[in-house]
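Undergrad: Shown below is the structure under consideration.
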Amino acid sequence: MMRVRSVLYAIWYYGVTAGLAILYIPLLALPRGALRGGIHFWARALIWGMRVIGGVRLEVRGLQNIPHGACLIAAKHQSMFDIVPAFAYLPDALFVMKKELMRIPVFGWHNLKHRSIVVDRGGEAKAMRKLIADARDRFKEPRQLLIFPEGTRRPPGAEPAYKPGVAGMYRELDTPCVPVATNTGLHVSTSGVAKSSGVVVYEFLEPIPAGLKRADFMRLLQERIETASNALLKEPALE
């Protein structure tokens, strides 16, 4: 039964994503706020499908911890689904994407309009400089930049592997950073489809203020994310 649910949710995910992308083409001629509303709807539709079709309910905690101005959102990353709550619940989220994805018709157009940050991940230092410059530009508005400090998806309970790039962004952007804990990997696969029924939690933690020293920031970021994420793994199963 779970396998059938997973397949049906995958059909829902790709169908909703492709269908709305086409329907949203006229929004490209309107102010960006119109597309922002459309992205909120897309994310909520995927969360609805995950619950009704996939049997996985999302619980979001700590919304009161999101600052009113621009900030970094540094999240634990266990599944492709981790992107979805950010676009459903943050006021004006954006993320970093590979430049190759911008070549995809319609998808690339929407991301250009949404002002996503595009980088060449093979460029290393040059890519980081561009990322910071683009983030400064986007932060002229009160936007929230979603990043994954470990750089890739990791299974629940895996040994943490935080990359130093997040500390460089935090320093250069001089902005608060909101850690995010999650346990999505318990019930959602790395590819973002349901693998077992249950409840997953996406928790915005207390913001880390701007201006800390690099070592202090990295220690605090990892400590908050790992402590909270590990606690979520130990919570009694919710329904």
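The values are calculated or read from the model by the stated rules, or taken from the named source; none is laboratory data. Just so you know, these numbers come straight off a predicted model, no measurement behind them. Because the Cβ atoms are built from the backbone with ideal geometry, glycine has one as well, and the counts that use them run over all protein chains shown. Protein only, heavy atoms only, side chains kept; ligands, DNA and RNA dropped before computing areas. Shrake-Rupley method; radii C 1.70, N 1.55, O 1.52, S 1.80 Å.
Undergrad: Let me spell out the model: positive unit charges on the Cβ of Lys and Arg, negative unit charges on the Cβ of Asp and Glu, origin at the Cα centre of the chain. What dipole size does that give, in debye rounded to 20?
TA: Charge dipole, the chain, about its Cα centre: 560 debye, nearest 20.
Undergrad: Which of A86, A125, A135 moves the most in a Gaussian network model of the chain with Cα springs under 10 Å?
TA: Of A86, A125, A135, the most mobile in the Gaussian network model is A125.
Undergrad: Can you pull the one-decimal nm distance between simple spin-label points at W109 and L233, each 7 Å off the Cα toward Cβ?
TA: Taking the simple label geometry, W109 and L233 are separated by 4.4 nm.
Undergrad: Just to confirm, what accessible area per residue do you get for segment 120-239 at 1.4 Å probe, in whole Å²?
TA: Value returned for segment 120-239: 49 Å² of accessible area per residue.
Undergrad: Could you tell me what percent of the accessible area of the chain is made up of carbon and sulfur, with a 1.4 Å probe and every protein chain present? Each step should come with its number before you reach the end.
TA: On the way: 7080 of 11640 Å².
With neighbouring chains kept in place, the figure for the chain is 61 percent.
Undergrad: How would you order 42-55, 24-37 from highest to lowest mean count of nearby Cβ atoms within 10 Å? Can you show the working numbers first?
TA: On the way: 42-55: 19.3, 24-37: 13.5.
Per-residue Cβ counts within 10 Å, averaged per peptide and sorted highest first, yield 42-55, 24-37.
Undergrad: Over the chain, calculate the relative contact order: mean separation of alpha carbon pairs under 8 Å at least 6 apart, over the residue count, as a percent.
TA: Details: 415 pairs, mean separation 65.7, N = 239.
Worked out over the chain, it gives 27 percent.
Undergrad: If you average the C-alpha positions of segment 24-38 and of segment 180-230 separately, how far apart do those two centres end up, in angstrom?
TA: 31 Å
Undergrad: May I ask you to derive the relative contact order of segment 81-219, considering only C-alpha pairs under 8 Å and at least 6 residues apart, and to give it as an integer percent?
TA: Rounded, it is 21 percent for segment 81-219.
Undergrad: Of H187, A133, G211, which is farthest towards the positive pole of segment 101-239's charge dipole, taken about the Cα centre with +1 and -1 on the beta-carbons of Lys, Arg and Asp, Glu respectively?
TA: Toward the positive end, the furthest listed residue is A133.
Undergrad: Another question about this same structure. Looking only at Cα atoms, what is the convex hull volume of the chain per residue, in Å³?
TA: 121 Å³
Undergrad: Moving on to the next point. Output the antiparallel fraction of DSSP beta bridges having both residues in the chain, as a percent to the nearest 5.
TA: If I count the DSSP bridges inside the chain, around 20 percent turn out antiparallel.
Undergrad: Take every Cα pair under 8 Å in segment 64-158 that's 6+ residues apart, average their separations, divide by the length, and report that relative contact order as a whole percent.
TA: Working: 111 pairs, mean separation 47.0, N = 95.
Rounded, it is 49 percent for segment 64-158.
Undergrad: Given +1 on the Cβ of Lys and Arg, -1 on the Cβ of Asp and Glu, and no further charges, what dipole in debye does segment 58-182 carry about its Cα centre, rounded to the nearest 20? Write down the numbers at each step before the final one.
TA: Working: 19 positive and 13 negative charges, 66 e Å.
The calculation lands at about 320 debye.
Undergrad: Provide, for q = 0.16, 0.17, 0.26, 0.27 Å⁻¹, the log10 of I(q)/I(0) from a solvent-free Debye sum over equal Cα point scatterers in segment 1-67.
TA: Here log10 of I(q) over I(0) equals -0.67, -0.73, -1.05, -1.08.
Undergrad: Please give the contour-minus-distance gain from A125 to E223: 0.36 nm per residue of separation, less the Cα-Cα distance, rounded to one decimal in nm.
TA: 32.6 nm
Undergrad: For segment 1-112, what are Rg and Dmax over the alpha carbons, in angstrom?
TA: Final numbers for Rg and Dmax: 15.0, 45 Å.
Undergrad: Given R₀ = 30 Å, FRET efficiency for I25-I66 by Cβ-Cβ distance, to 0.05?
TA: 0.50
Undergrad: So, for segment 1-119, what is the accessible surface per residue at a probe of 1.4 Å, expressed in square angstrom?
TA: 48 Å²
Undergrad: Still on this structure, please answer the following. Out of A21, M1, I39, whose Cα points farthest toward the positive end of the dipole of segment 1-67 (charges: +1 Lys, Arg; -1 Asp, Glu; placed on Cβ)?
TA: M1
Undergrad: Would you mind working out the magnitude of the charge dipole of segment 165-224 relative to its Cα centre, with +1 at each Lys and Arg C-beta and -1 at each Asp and Glu C-beta, to the nearest 20 Debye?
TA: It comes to approximately 160 debye.
Undergrad: Run a plain Debye calculation on segment 97-178 (Cα atoms as equal point scatterers, no solvent) and give log10 I(q)/I(0) at q = 0.22 Å⁻¹, rounded to two decimals, same order as the q list.
TA: One equal scatterer on each Cα of segment 97-178 leads to -1.19.
Undergrad: Need the full-extension length gain, E141 to R171, defined as separation in residues times 0.36 nm minus the C-alpha distance. One decimal, nm.
TA: 8.9 nm
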